[in-house]
1. Assess whether A:Leu77 counts as being buried (at least 19 other Cβ atoms within 10 Å of the Cβ), at the interface with another protein chain (Cβ under 9 Å from one of its Cβ atoms) and not acidic (Asp, Glu).
2. Check whether at least one residue in region C:44-66 is away from chain A (no Cβ under 14 Å), open to solvent by 10 Å² or more (accessible area, probe 1.4 Å) and more than 30 Å from C:Asn251 (Cα to Cα), and report yes or no.
3. Would you mind stating whether A:Tyr225 is open to solvent by 10 Å² or more (accessible area, probe 1.4 Å) and without any contact (Cβ under 8 Å) to a residue 40 or more places away in the chain?
4. When you scan region C:68-174 for helices (runs of 4 or more DSSP H) that lie fully inside it, which ones turn up with 3 or more residues that are farther than 27 Å from C:Gly13 by Cα, among the polar types (S, T, N, Q) and open to solvent by 20 Å² or more (accessible area, probe 1.4 Å)?
5. When the residues of region C:139-158 are filtered to those that are over 18 Å from the mean Cα position of the chain (by Cα) and in contact (Cβ under 8 Å) with a residue 60 or more places away in the chain, which remaining residue is farthest from C:Ser110 (Cα to Cα)?
6. Can you name every residue in region B:38-62 that is outside any loop (DSSP other than H, G, I, E, B) and either surrounded by 15 or more Cβ atoms within 10 Å (Cβ to Cβ) or of a type in the set (A, V, I, L, M) (or both)?
7. Looking at C:Ile166, C:Ile210, which is the one that is touching a residue at least 40 places away in the same chain (Cβ under 8 Å), in contact with a helix residue (DSSP H, G or I) (Cβ under 9 Å, 6 or more places away or on another chain) and under 30 Å from C:Thr58 (Cα atoms)?
8. Within region C:253-302, which residues are farther than 19 Å from C:Arg134 by Cβ and aromatic (Phe, Trp, Tyr)?
Amino acid sequence: MSELDINDKVNEMLHKSEHNAAAAECFEKTFVRPEDEEREVIAPDGSIIKVNPIYDYFSGKKPTEEKPCGGVVEKFLNWARAESIWVLGFGTGCGSIEIPPLMTPRFDAFRFGVQMRPTPRQSNAFIISGYLSVKTLKRVIRSYEQMPSPKYILALGSCTINGGMYYDSYSTINRLDKYLPVDVYIAGCMPRPEALLAGFMKLKELIKAGKAEKANEYARNFDEYKANQKKIIKDWNMPDYNW
Amino acid sequence: MKEILDRIQSKYNLQDTSFRTDTMAFTTVSKELAIDMVTYMRDYEGFKHFVMMSCVDWIEDNKLQLLYLLNNPTKKCDIGIKVFIERENPSMQSAHHLWKQLWTYQRELKEAFGIDFPGSPRVDENFVLEGWTEKPHMLRDFDTNKYAEETYFPREGRSTNDPATYMRAKLYPNQPVTAKKNKDHE
Amino acid sequence: MSIYAKLAYTLLGLFIVLNWGMLMSATFRKIVARVAGRHGIPFYQPWIDLIKNAGVRTTLSHGFMFYLGPVFRFTGAVGMFLFMPALFGSDMWSNFSFQGDLILLLYFQSFGMLGMAIGAGDGGHPHSTIGISRGLAQHAAIELPMILGVISLAIQYHTLSLNEIIAAQQGGFQHWTIFTNPIAGITLLLAALGAMGHSPFNLVKAPNEIPIGPPTEYHGTYLGVLMSSGAILHVIEAALFMNLLFGGATNWLEYIVKTFLIYFYSVFVGVVFPRFKIEQSVVWFFKIPLALGILAILIYSF
């Protein structure tokens, strides 16, 4: 797929959703780095190969809704999901300093089935810890999209709710829920580990009640979320959905 | 410190020389002579340690001011060399050949103030922002509040207080404001 | 006994070993937590994790070889269980042991690691490739003293059948190999530290090294299979050293107590000593364990 096709596709997508004329305008300015451009290279044996670095390594396939199977089975699985929350070890802002005390003797979140996992593939909860700059948001989106569904987001601190003390900064976002679906907000600046534990309890309640289906919401409103993301991430050198 | 400055006073036509302490002086030099002077200070006066480089936006005078801060580790003294450059299409002679860390400083200044340093390695690459298309964000006529409002979906109902007045009203509601205003901060 | 009854007993034994292994890994994490001054996970956490992993909705594949990683790992663990007598002297629980099963067991020990090399390579993540290269390097270093120790036992007992080795150790603890052939015993116990994969030899899969090593890309059900084969391997590695050195087991209680002690010998070494870098651990195995292994062989050649 050439850059032009992608642009066309995205524009088409953007025009579908209503309040995004500005986003479409921004996306025109998107540039592809020289090393990411689609090009032809000569292989060692002399044959000519077409490479498109972004789409060769990742699939740009759109996410699909994965319906819960329902009934007793789903309830049982939800119980297991609630009791085994694997958190991605990715500190996105200043709030990540609250995570070490959370896992160490004083607060010991392991008691509640909360564990840290080092790779997005194995984790199902994401703590957005505090302010999120646009540059970090890009990495967060990539990590979030690599996590297998069902997945949950805990937004930590007032920065993720309304921008907090960085509400007027040119490089940090104001509302996280415009870019990624949030399950639980934990207010404060910074919230103490107790607040974080309370957030986990709230998340457990939601999962057990079958209400933590934000991964499906993300898939459903994918175009809208993607348009919002592209409005601010101008250096979009990755496929639209990268897993 | 003073005798060094006296010695080079006429050579570089120093202006506005001021001493913060006995061992720390700031002086202004013309744009053409600046890098020459930095080189001289490094090679002949022993200011071997490059502390930092920064920029101030004097929007009222339509000027940008660059500051090279150097340190002499043997005599334990510092000198700040200030340079005024034009604000429209700012450009400055690169000093990356003197200290390698200037690559990064100049790259940062290019991104934050839009100052060009021709010949400085990797000066056009992103520094902290990725794909920034607006005007340089540290210039004072870039309205960060307006930009954030237009770009980042501000949440309705957010209120904000000036910390000083708010805390004073909270802690000492009946006490009149008596603290002297600091003249420097007016 | 008919082959079907035997198969049923073997599968039942596998089930016992799986659950025992899960409980052991939970106890292990509990002990690590207590050493750190924490309360730690609830003891049933591994089962919940397993159910949770089975309930993950998204599964994605990186190609055919990607599937083979967990499959090989599981085959290695189950194969080791199938061909090792679980309880000595019992017709029901002798599984499918036969003359020369020791060679097969040693082969199956490397099998899982080789399988992970296939799967991790196809995962495409650089971390899994680095992890597996470290894993194979360390495995090669462990294998050397291990094989030397086993050969020493084979010379001592003139057999490669695990059943006969256990039979020769019956009649009291003074007949155990660890007392009749202490040099080979110590060699094998040092190699056991590496084979169990706890600190100081857990660089390969430690979550806080390059993220988790070989299983970086595995998620959901794949990870569940890897976790359960890991649980089986914990028990079965301990059972191998129990059979070789500590006189085997004649009932399940003995089996559980002995595997527990052998497993927790490596755990306690792990909580006391910090993690080795890969070049350090390889060199460590090439020093004292290797020298002892050669000595264990030399003793029987005179």
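1. Considered against the rule, which asks whether it is buried (at least 19 other Cβ atoms within 10 Å of the Cβ), at the interface with another protein chain (Cβ under 9 Å from one of its Cβ atoms) and not acidic (Asp, Glu), A:Leu77 comes out as yes.
2. Yes, there is a match, as at least one residue in region C:44-66 is away from chain A (no Cβ under 14 Å), open to solvent by 10 Å² or more (accessible area, probe 1.4 Å) and more than 30 Å from C:Asn251 (Cα to Cα).
3. Against the criterion (open to solvent by 10 Å² or more (accessible area, probe 1.4 Å) and without any contact (Cβ under 8 Å) to a residue 40 or more places away in the chain), A:Tyr225 does not qualify.
4. C:126-157
5. C:Gln156
6. If the condition is that a residue be outside any loop (DSSP other than H, G, I, E, B) and either surrounded by 15 or more Cβ atoms within 10 Å (Cβ to Cβ) or of a type in the set (A, V, I, L, M) (or both), then B:Val38, B:Tyr40, B:Met41, B:Arg42, B:Phe50, B:Val51, B:Met52, B:Met53, B:Ser54, B:Cys55, B:Val56, B:Asp57 are the ones that fit.
7. C:Ile210
8. Listed by number, the residues that qualify are C:Tyr255, C:Phe260, C:Tyr263, C:Phe264, C:Tyr265, C:Phe268, C:Tyr300, C:Phe302.
The values are calculated or read from the model by the stated rules, or taken from the named source; none is laboratory data. Computed from a predicted model, the values in this text were never measured in an experiment. Every residue, glycine as well, gets a Cβ built from its backbone with ideal geometry; the counts of neighbours run over all protein chains shown. We work out accessible area using only protein heavy atoms, side chains counted, and drop any ligands, DNA or RNA first. Shrake-Rupley method; radii C 1.70, N 1.55, O 1.52, S 1.80 Å.
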